[in-house]
1. Give me the dipole magnitude in Debye, nearest 20, for the stretch 263-319 about the Cα centre, with unit charges on the beta carbon: positive for Lys and Arg, negative for Asp and Glu.
2. Counting Lys and Arg as +1 and Asp and Glu as -1, each charge on the Cβ, what is the dipole of the chain about the Cα centre in debye, to the nearest 20?
3. Using just the alpha carbons, could you tell me how many Å³ per residue the convex hull of the stretch 79-128 encloses?
4. If a/c stays under 1.5 just call it rounded; otherwise compare a/b with b/c (prolate if a/b is bigger, oblate if not). Do that for the stretch 318-380, with a ≥ b ≥ c from the square roots of the Cα gyration tensor eigenvalues.
5. What list of ³J(HN,Hα) couplings, whole Hz, do you get for the stretch 162-177 from phi and the Karplus terms 6.51, -1.76, 1.60, once you set θ to phi - 60° and write x for glycine and proline?
6. Any of K233/K316; K84/K316; K57/K84 with alpha carbons more than 28 Å apart? Name them for me.
7. What ratio of Cα Rg to 2.2 N^0.38 Å holds for the stretch 288-414?
8. Within 10 Å, at most 16 other Cβ atoms, and a DSSP state outside H, G, I, E, B define an exposed site. Report the longest part of the chain free of exposed GluC sites (Glu not before Pro).
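Derivation of every value follows stated rules applied to the coordinates shown; laboratory data play no part. Source: prediction; values computed, not measured. As a convention, Cβ positions derive from the backbone with ideal geometry for all residues, glycine included, and neighbour counts pool all protein chains shown.
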Amino acid sequence: MQSQYHKTVLDNGLTIVSEQIPAVRSVSIGVWVKTGTRFECPRQMGVAHFLEHMMFKGTERRTPRQIARSLESVGGHLNAFTSKELTCYFAEVLDEDLQRAVDVLSDILCHSTFPPKELEKERLVILDEIQGLEDSPEELVQDFFVEKLFGNHSLSYPILGRIETVSRISREDLVNFYSQHYLAPRVVVAAAGNVDHEHLVALCRRYFAFPEHNQPISLEPPQQFARGEYLIKRAINQVHVCAGVPAVAYGDPYQFHLLVLNTVLGGGMSSRLFQNIRERYGVAYAIYSFLDFYFDTGLLSVYLGTDRKNLARALKLLDREFERLRKHPISTRELIEAKAQIKGNLMLGLESTARRMTRLAKMEVYLNRFEDIDQTVERINRVSQEELWHFTRRLLEEDRILRVILLPQSDHAN
């Protein structure tokens, strides 16, 4: 699909990026705020996520039900999410309903009232969400891994917060966090689909009313990373393992080396981990690797789910896969196939306006520039066998690896 990229920065600092795709009839639009868990203080863990929830609980013009119906009534979709460094409010609508989408997004983001009654109801919802994590050990062990890896750094904070911190977050805390972070220079509006950029800019000028003040916020990069092994017990039946290392940041020269490594290691059913540990030996019912990129660091991790009796063998096989990667470069065939897999996933993702919108926003936030698909493909193609091996040996050094194991409560392991 042919597309055209445009960028405008308003006088107040609000950034607007768009990718026009005339061949579709829909538009995906997201308002990305440069804030998240990383920007919280310890006693307010979870405030960014709590605030995101409260944006849907009433404005000066709309009740919570009217917000919910505003886009669904025309077949559209409205939602939001909070991450470590970003909070995104997004909508998917027909192109003819773009103005309605901008109106609703601007209303919840600039005119929310945070009613006290709704705040207490939403607090209970979030507390239930935190407690529900105990029923999702796959997610829980990954949260524990990130918490251990980053130690006292704010990247370790759980996005949902903790029961004790969410229980005491006040309306004043929400208002203060909003005032510090929801500022025009810290907001990117991204849209992809059948959208005219000048029309989008006009709508943003008309509807969005973020404060212009740009309060400088400096980020302290993590200085230390945990390593070794941690055992945690819970009321579960199976064993869940998360093992990995700190990695590179978004936009790092080795970002695409890491993507290739992740694909070879555990990026699908054809990966080494899946084929060897699950298919060949049958000692794990679920196994994969995954990545996270941040402003100044990142991580590569493996998730493994297994029965207690298979744990020792599964861990030994996992260590063997790490050692293979350190000792031997991946084959030419694996390199070619991994690159083809990454490029194929990228191209297929371009069929989705939501994926294009997300890609646009993240490039603007993390790189402050646009990279077209041909440039991205070229960066993937440039990853060489020799460079990848040197990078892998440094990344997966044995003394850098952290392993967190979630065991059944009845387990007698020391």
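1. Once rounded to the nearest 20, the dipole reads 400 debye.
2. 840
3. Once divided by residue count, the hull of the stretch 79-128 is 111 Å³.
4. prolate
5. Working through the residues one at a time gives 10, 4, 5, 7, 5, 5, 10, 5, 9, 4, 4, 4, 5, 4, 5, 5 Hz.
6. From the list (K233/K316; K84/K316; K57/K84), the Cα-Cα distance tops 28 Å for K84/K316.
7. Computed over Cα atoms of the stretch 288-414, the ratio equals 1.33.
8. Of all site-free stretches, the longest is 61-211.
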